[in-house]
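Here's the structure we're looking at; comments come further down.
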Amino acid sequence: MLLIPAIDLLDGRCVRLVRGSFAEATRYECDPVETARVFADTGARWLHVVDLDAAEGRGKDNRAVIARIRAAVDCRLEAGGGVRSEEDARGLLALGVDRIVLGTVLVRSPRQVAEWVARMGPRFVGGIDARDGRVKIAGWSADGGVADVEAAAGLAALGIRGLIYTSIARDGTLDGPDIPRTNAAARASGLPTILSGGIGSAADVEAAVAQADPLVAGVILGKALYEGRVDLAALIRGFPQESRSPWDGPEA
C-alpha cells in the first residue's frame, strides 16, 4: 500500500481545506519545498500536489513552486488542479511532473482527454471527487451529472492509467476514509486506485490496508500529517514501500 503525502498549494503556501471549502482553509507555516523534501527523505515514493489557485480559475497558479518541488526531490510527482487545456498539461510535463491528475475535463470533455493521451502518452490519471455517489466538478461547486461508478467505468477507454477517488464528505475532516465507495469505484474502473479523504490516524491506514479492494494501491495522507496525527516514518516502517507498485504504471 503506497503512502502518498499531499501538498495542497494556495498562494504558494501549504494549506488544507475542509470538504473543498476555501473558507475553511488551514494555512501552515511550513515551506512547501522543504516539506516535500522531508516527505521524500522519509521514504515516500510519490507526492501528490494540488494547485488550488489554478483549480479556482482566477488567473493564478503555483507552477513555480511545483518546479521547485520537482527540483528538490527524487521521488515521483503527481500534480493536478486547474488542468483545463493541453497547454496546461504540457506545462506540467515540462516541469518534470510524472503524472497529471484530471478532474473536471474528464466529465466535460472526455474525447479531448483521449486525444491528450494519444499525443502525450499514458501520463494521466482520473480524479473522481464525489459526494453521496455523485461526481462533483469545477472545484466541487457543480454536479457533474454522473455517478461516481459510472464515471470510473469510462476511464480505461480513454487511456487513463489510474484513479484517485476522493470522498468529499470526508476530505479534511480526519473522520476516517470511505472505503466502501472507494472499493466500488476501483472495481468499476478496473484500474489501480488511490483512496483520498478522511485519513486521520494510523488506525485509518490499517483499516484501508485490511479492507480495501486489491485494486486500491495506496492512500493519500493530508491533514493528518500536518496536524501531527500520523507519523509518516512510523507508517512506512509498518507498511514498507515497494520499489514497484501497480500505481507506477508502464512509464516508470
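Applying the condition of being on the phi > 0 side of the Ramachandran plot and exposed (fewer than 15 other Cβ atoms within 10 Å of the Cβ) to region 104-154 and asking which residue is farthest from the chain's Cα centre (by Cα) yields Gly145.
If you go through region 54-72 one residue at a time, do you hit one that is of a type in the set (S, T, N, Q) and touching a strand residue (DSSP E or B) at 6+ places or on another chain (Cβ under 9 Å)? Yes, region 54-72 contains a residue that is of a type in the set (S, T, N, Q) and touching a strand residue (DSSP E or B) at 6+ places or on another chain (Cβ under 9 Å).
From the list Ile69, Ile100, Ile4, the one residue that fits, being at pLDDT 95 or above, touching a Gly at 6+ places or on another chain (Cβ under 6 Å) and either buried (at least 16 other Cβ atoms within 10 Å of the Cβ) or assigned to a strand (DSSP E or B) (or both), is Ile4.
If you go through region 73-97 and keep only what is part of a helix (DSSP H, G or I) and not small (Gly, Ala, Ser), you end up with Glu86, Glu87, Asp88, Arg90, Leu92, Leu93.
Among the residues of this structure, Asp178 does not count as one that is at positive phi and either in contact with a Ser or Thr (Cβ under 9 Å, 6 or more places away or on another chain) or not aromatic (Phe, Trp, Tyr) (or both). When Asp61 is tested against (1) within 27 Å of Ser243 (Cα to Cα); (2) free of Cβ contacts under 8 Å to residues at least 24 places away in the same chain; (3) buried (at least 20 other Cβ atoms within 10 Å of the Cβ), only condition (1) is not met. Right, Asp248: within 30 Å of Gly159 (Cα to Cα), surrounded by 15 or more Cβ atoms within 10 Å (Cβ to Cβ), of a type outside the set (Ser, Thr, Tyr) and modelled with pLDDT under 95 or not? The answer is yes for Asp248. For region 15-36, which residues satisfy the criterion of being part of a helix (DSSP H, G or I), within 19 Å of the chain's Cα centre (by Cα) and not hydrophobic (A, V, I, L, M, F, W, C)? Within region 15-36, Pro32, Thr35 qualify.
Screening Ala40, Ala44 for residues that are in a helix (DSSP H, G or I), farther than 19 Å from Ile137 by Cα and either of a type in the set (Phe, Trp, Tyr) or in contact with a Cys (Cβ under 8 Å, 6 or more places away or on another chain) (or both) leaves exactly one candidate, Ala40.
Here is a yes/no grid of residues against (1) surrounded by fewer than 18 Cβ atoms within 10 Å (Cβ to Cβ); (2) in contact with an Asp or Glu (Cβ under 9 Å, 6 or more places away or on another chain); (3) of a type in the set (D, E, K, R); (4) within 21 Å of Pro122 (Cβ to Cβ):
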| site | (1), (2), (3), (4) |
| --- | --- |
| Arg181 | no, yes, yes, no |
| Leu191 | no, no, no, yes |
| Ala203 | yes, no, no, no |
| Ala212 | no, no, no, no |
| Leu215 | no, no, no, yes |
| Val230 | no, yes, no, no |
| Ala233 | yes, no, no, no |
| Gly238 | yes, yes, no, no |
| Glu242 | yes, no, yes, yes |
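Could you please let me know if Ile160 is β-branched (Val, Ile, Thr), buried (at least 21 other Cβ atoms within 10 Å of the Cβ), over 17 Å from Leu3 (Cβ atoms) and under 16 Å from the mean Cα position of the chain (by Cα)? The answer is yes for Ile160.
The values are calculated or read from the model by the stated rules, or taken from the named source; none is laboratory data. Quick caveat, the model's predicted, so the values are computed rather than measured. Counting neighbours? That spans all protein chains shown, and the Cβs are built from the backbone with ideal geometry, glycine included.
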